[in-house]
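Below is one structure, written out as structure tokens; comments come after it.
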Amino acid sequence: ISAHLPEYMVPSAFVRLAALPLTVNGKLDRKALAAPDDEAYAPRAYEPPQGEIEITLAQIWAELLGVERVGRHDDFFELGGHSLLAVQLLSRALDAGFNFTAADLFQAPVLRELASKIHLKRQPSSPQVISVLETGSQPPLFFVPTGLGDCSYVLPLVKEMDVDCPVYALPWPHFDDERPLTLEAIAAEVMLVVREIQSRGPYRFAGYSSGAILAYAIAQQLLNLDEAVSFMAFMDTALSANRRSLSLTQMVREVLLDSLEFLDDDSFQVLERFAANSSIGQLIQKAQQIGAIPLDRDLESLLLTYEKAAQFQRALDLYEAPPLGIEINQFYVNGPARSRRGRGSMGQGASSPLRGWDRVLRAEAIHAVSVPGDHTTMMNIPENRRILARCLSIALSNSPDRRQQSQVPPS
């Protein structure tokens, strides 16, 4: 199969079924599908891990991938790994004192090969910073999480980019439940991590969806310190026009439903009706029952994820973006509008290529570039992602610091 299909379309496991299980409506019944056992994965001659690094890595892989054992010739992605699990792997490995990048994992997904690339050295004091690319001659590019706190979009996107710089994915800091959360406070903490990695500007940032507004708030903090911000990339990021007055529970429900808008109309309406008279936990379980959220995701960790995302969304709603003396690159989609529930908080500008940022920036400071897909498929369909990566690479190469560098005569 791998000889005829691109890598991302090759199944990691094969389960023989007499027939596909169907619901009473004739649709695929995901709950009734048999989970693949160890024998369902591509077979390899088993050889136990050797040395401390291989043994520790194998233990992390087994826990993340839900397999009984991992041999030194096993491939992370063939065992069921994907970009979200890769982010968790990098985080767990850093906790164990192992330093490697996402690029190392993609280039050497076999356990023994990856172990040979691992070296121990000092990382930034924030243990969750993900080093996606380690070297390059240009200033680093920092990606911020989505509005759900997710950095997994960064790895496959950067893999398709043509860049000559280190690349980092920044985490959200710890949210203090005892005081009101503001975007300015989050930005100030993340800025400290950024400056530990890069002490002086010019700084370069990128972000996807509503989470990218954090990059703007970080730029605000840096400009207040007279530092230069030379590049800002927003991937379909709208600036909200109005504030919403919602309780935390209501906000969690909104965030959860927003994250599931990729569903077909019938499934989404089922969830929307169910949400009106259910707890958040019950809503998550319902979403798992209809196949919208994988069954292997832990309910407690999902609750924490959505509660944290709701806190971030509340901070976004309270944030008043000031005019800044910077330029931004807005990569917008022409596909269907993101929200089909008609929320009014985004305002009319959210559907324009400028996505409402012309309220705080000069129109000529916003470089809008159309990319294919809708808000979700711009990132999760490989061909759309490749085009986005190419556009992002071009914009990065045309950033003011690169233009100035190209104009410096040789000594």
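The values are calculated or read from the model by the stated rules, or taken from the named source; none is laboratory data. For clarity, every value in this text was computed on a predicted model and none was experimentally measured. Quick reminder, even Gly has a Cβ in these numbers, built from the backbone with ideal geometry, and neighbours come from all protein chains shown.
For every residue, the table says whether it meets (1) over 30 Å from CYS391 (Cβ atoms); (2) in the same structural domain as ALA206 (by TED's automatic domain parsing); (3) touching a His at 6+ places or on another chain (Cβ under 7 Å); (4) not in a helix (DSSP H, G or I).
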residue: PHE234; (1), (2), (3), (4): no, yes, no, yes
residue: VAL252; (1), (2), (3), (4): yes, no, no, no
residue: ASP258; (1), (2), (3), (4): no, no, no, no
residue: LEU263; (1), (2), (3), (4): no, no, no, yes
residue: SER267; (1), (2), (3), (4): yes, no, no, no
residue: GLY281; (1), (2), (3), (4): yes, no, no, no
residue: LYS286; (1), (2), (3), (4): yes, no, no, no
residue: LEU304; (1), (2), (3), (4): yes, no, no, no
residue: GLU307; (1), (2), (3), (4): yes, no, no, no
In region 274-289, which residue that is of a type in the set (A, V, I, L, M, F, W, C) and under 25 Å from the mean Cα position of the chain (by Cα) is surrounded by the fewest Cβ atoms within 10 Å (Cβ to Cβ)?
ILE280
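For (1) on the phi > 0 side of the Ramachandran plot; (2) of a type in the set (S, T, N, Q); (3) modelled with pLDDT of 85 or more, each residue gets a yes or a no:
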site: VAL67; (1), (2), (3): no, no, yes
site: LEU89; (1), (2), (3): no, no, yes
site: PRO109; (1), (2), (3): no, no, yes
site: ARG112; (1), (2), (3): no, no, yes
site: LYS117; (1), (2), (3): no, no, no
site: LEU120; (1), (2), (3): no, no, no
site: GLN123; (1), (2), (3): no, yes, no
site: GLN128; (1), (2), (3): no, yes, no
site: GLN138; (1), (2), (3): no, yes, yes
For region 229-261 the number of residues that are modelled with pLDDT under 85, over 17 Å from the mean Cα position of the chain (by Cα) and of a type in the set (A, V, I, L, M, F, W, C) is 6
Search result, residues across region 86-111 that are assigned to a helix (DSSP H, G or I) and surrounded by 19 or more Cβ atoms within 10 Å (Cβ to Cβ):
ALA86, VAL87, LEU89, LEU90, ALA93, LEU94, ALA102, ASP104, LEU105, LEU111
Within region 197-209, is there a residue that is in a helix (DSSP H, G or I), within 28 Å of HIS375 (Cβ to Cβ) and not basic (Lys, Arg)?
yes
If you go through region 192-210 one residue at a time, do you hit one that is closer than 28 Å to ARG30 by Cβ and surrounded by 18 or more Cβ atoms within 10 Å (Cβ to Cβ)?
yes
Filter result (over 17 Å from ALA35 (Cα atoms), of a type in the set (Asp, Glu) and surrounded by fewer than 21 Cβ atoms within 10 Å (Cβ to Cβ)) within region 66-85:
ASP75
Of the conditions (1) in a loop (DSSP other than H, G, I, E, B); (2) crowded, with 16+ Cβ neighbours inside 10 Å, LEU271 clears all except one; give me its number.
(1)
Restricting the first residue to region 16-36 and requiring it to be under 22 Å from LEU263 (Cα atoms) and not assigned by TED's automatic domain parsing to the domain that holds SER267, which pairs with a second residue that is at pLDDT 75 or above and charged (D, E, K, R) meet a Cβ separation below 8 Å and a spacing of at least six or different chains?
PRO21/ASP29; LEU22/ASP29; THR23/ASP29
Those residues of region 1-41 which are at pLDDT below 60 and under 28 Å from the mean Cα position of the chain (by Cα) amount to SER2, LEU5, PRO6, GLU7, TYR8, MET9, VAL10, TYR41
Considering only helices (runs of 4 or more DSSP H) fully contained in region 345-411, which possess at least 3 residues that are modelled with pLDDT under 90, of a type outside the set (A, V, I, L, M) and closer than 18 Å to GLU327 by Cα?
400-407
